[in-house]
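Visitor: Quick one: the structure is below, and I'll ask about it shortly.
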Amino acid sequence: MKKSWQTKPLGDVAEVGAGNSAPQDESLFKDGTYPFFRTADAGRVRFGDIYESTDYLNEKGIKGLRRYPKGTILFPKSGASTFLNHRVMLGVEGCVSSHLATIVADETQIEPRFLLYFLSTISAQDLVQDHAYPSLNLPTISGISIQAPPLPEQQRISSILDEAFAGIATAQANAEKNLQNAHALFKSHLQSIFTQRGKDWAEKTFEELIEDNVIGLTKNSREQGEDKALPYVKMNNITRDNRFDFSSFTCVDATDEEVSKFSLKDGDFLFNTRNSYELVGKSCIYESDSNDAVLFNNNIMRVRFKSGVDARFVLLAFSSKSVADELNSLKSGTTNVSAIYFKDLKSLVIPVPPIAAQKEIAAKLELLVAETQRLASFYERKLAALAALKKSLLHQAFTGEL
C-alpha cells in the first residue's frame, strides 16, 4: 500500500445497514413493479451491477419498506455459504432482504465502484465466527478495514477496472456460450438418433436386457481408509456426465466371499441408486485394464447385460430425452436423499436396435463425446484463466500496482 493511501473502517466511509424482512403475504408481490432483492439475486449475478430481481412488490407491498438508491452495494450476511462472497451493486432503486447488508458509500470519501471492487477482495469466510451456521453481523461488516488512496486515484483505478472487467465479462459470456453449444451439439445428435430410429428397433424393458444386477457392498465410514486393502468405488466416482472417474478413491478390507460377489470387471454398467434428487441415477461404464479386485458400495448397482446388448449403447440411451424423462419420473424420496431401485428401474423402456447397430451408434457417439469433452475442457480452462485474471487485476489494484 502506497503512503498516500489511508486505512479506515468501512463504517467510517459508508452507511452500513440491512434490508427488510420479506413480506409473507404473496398478494403483495402480485403485479408488482418495485424490485425486491434477495440473497439469491446476489448469487445469480455474483459480481458487478444487478438490474433485475426475481421478485417485484406492488404499491401495498412497499409500504413501510426502505427503498435503497441505485449504487447501493449488497453484501450477503446470511444464507447459503456459497453466496456469502458475492458482492453486487444495485443498478436500479429497490427494496432489499434483511439477509443482505446494504452499503451506501459516502462519495465525499470513497468512490462507490472502488468500494465495490475492494469489498470483492474480502473473504466472508474470514469474517464468519460460526462456520457451521455461516452468518455475519453488521458490526463485523462495518469494521472491515478499507484501504483507499485519494479520490482522484480511486476514480482512475475504478475506470481501469471497469474497462478491464467489461472485456473479461464479454470473454466469459462467449466462453460460456461456446461451452453450452458444445454440450448442445452432442445432445442434439443423440436425440436425433433416438427419435429417428429404424424399423428394426424394438422397445425392451430394462429387465429384459440384463443378465444380472447386484447392489454393492456395505462398509461404514470406520471401515474405510487408505490403509485398507481393496479400492472401493463410491457414487462420487460416477461423474455428472456419466463417466467413470477413479482419480480419487477410498479402500476397504473384504472377505474372499465379498471379493467374489462385489468385484468389478471392465465393461460393467454402474448405476447410482441413492443420492440427491439431482444426482440419483448417474451411470457409467467401469473401465479397467487390470485384473486386481475393485469393489463397489451399496449406493451403486452393478449391471451385466445379456448377449446382444451393448452396455455403452444402454448408457447413451439413458441420456436420451425419453429415457431420461422416464428415469426422472422414477425418483422417490426427498430433495436431499432420493432413490431409484431395481423394482422401479426394471420396467424402464429402452429402444434397442440389433447389436451391430448398437455398436456402430456407440462408437460414433463416443467419438462425438470425446470431441465434446475436449471442447468443454478448453472452454473451462479459458473460464478459469479469466477468473484468475480478474483476481490478479484486483490484487494489482489494491497493492498500488495499477
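Visitor: Report the chymotrypsin sites (Phe, Trp or Tyr not before Pro) located in the stretch 214-322 that are in a DSSP loop and have at most 12 other Cβ atoms inside 10 Å of their Cβ, or state none.
Guide: Passing both the DSSP loop test and the Cβ count: Phe246.
Visitor: Turning to a different aspect of this structure: Would you work out the charge dipole size for the stretch 202-352 about its Cα centre, treating the Cβ of every Lys and Arg as +1 and the Cβ of every Asp and Glu as -1, and quote it to the nearest 20 debye?
Guide: Magnitude of the dipole: close to 460 debye.
Visitor: Moving on to the next point. How are the C-alpha pair distances of the stretch 118-255 spread across 10 Å bins, as whole percents from the shortest bin up?
Guide: 8, 14, 17, 22, 20, 12, 5, 1
Visitor: Given an 8 Å cut-off on Cα distances and at least 6 residues of separation, report the relative contact order of the stretch 202-352 as a percent.
Guide: Contact order relative to length: 34 percent.
Visitor: If you place +1 on the Cβ of every Lys and Arg, -1 on the Cβ of every Asp and Glu, and leave all else neutral, what size is the dipole of the chain about its Cα centre, to the nearest 20 Debye?
Guide: For this selection, approximately 520 debye.
Visitor: What relative contact order, as a whole-number percentage, does the chain give when Cα pairs under 8 Å and 6 or more residues apart are counted?
Guide: 16 percent
Visitor: A follow-up question, please. Once phi is turned into θ = phi - 60°, what whole-Hz ³J(HN,Hα) does the Karplus curve with 6.51, -1.76 and 1.60 give for every residue of the stretch 219-224, x standing for Gly and Pro?
Guide: 9, 6, 4, 5, 8, 10
Visitor: Where does the chain land at 222 nm, in deg cm²/dmol rounded to the nearest 500, when only DSSP H runs of n ≥ 4 count, each adding -39500 (n - 2.57), divided by all residues?
Guide: Helix contribution divided over all residues of the chain: -11500 deg cm²/dmol.
Visitor: What is the calculated FRET efficiency for Arg66 to Asp241, with r their C-beta to C-beta distance and R₀ = 51 Å, to the nearest 0.05?
Guide: 0.65
Visitor: Would you mind finding the longest exposed-site-free stretch of the chain, with exposed GluC sites (Glu not before Pro) meaning DSSP loop and at most 16 other Cβ atoms within 10 Å?
Guide: 108-225
Visitor: Mind checking the log10 I(q)/I(0) for the stretch 6-149 at q = 0.13 Å⁻¹? Debye, one equal scatterer per Cα, no solvent, two decimals.
Guide: -0.53
Visitor: Another question about this same structure. Going through the cross-link list Lys204/Lys234; Lys177/Lys390; Lys331/Lys359; Lys187/Lys331; Lys204/Lys282; Lys204/Lys364, which pairs have a Cα-Cα distance over 24 Å in this structure?
Guide: Lys204/Lys234; Lys331/Lys359
Visitor: Return the distance in nm (one decimal) between the two label points of a simple spin-label model at Thr218 and Gln6, each offset 7 Å from Cα along Cα→Cβ.
Guide: About 6.7 nm, to one decimal.
Visitor: From the convex hull of the Cα coordinates of the stretch 202-352, what is the mean projected area in square nanometres?
Guide: Directional mean of the projected Cα hull area for the stretch 202-352 stands at 9.1 nm².
Visitor: Can you tell me the length gained on complete extension of the stretch Glu163 to Ser98, counting 0.36 nm per residue apart and subtracting the Cα distance?
Guide: Working it through step by step, the gained length comes to 20.2 nm.
Visitor: Put a dot 7 Å past each Cα toward the Cβ at Ser260 and Asp344; how far apart are the dots in nm?
Guide: For the pair Asp344/Ser260, the computed spacing is 3.4 nm.
Visitor: Go ahead and run the numbers for FRET between Ser248 and Asp200, Cβ-Cβ distance against an R0 of 51 Å, rounding to 0.05.
Guide: With a Förster radius of 51 Å, E is 0.75.
Read-outs: derived from the displayed coordinates by stated rules, not from any lab. What you see is a predicted model, and the numbers here were worked out from it, not measured in a lab. So basically every Cβ, Gly included, is an ideal-geometry build from the backbone, and we count neighbours across all protein chains shown.
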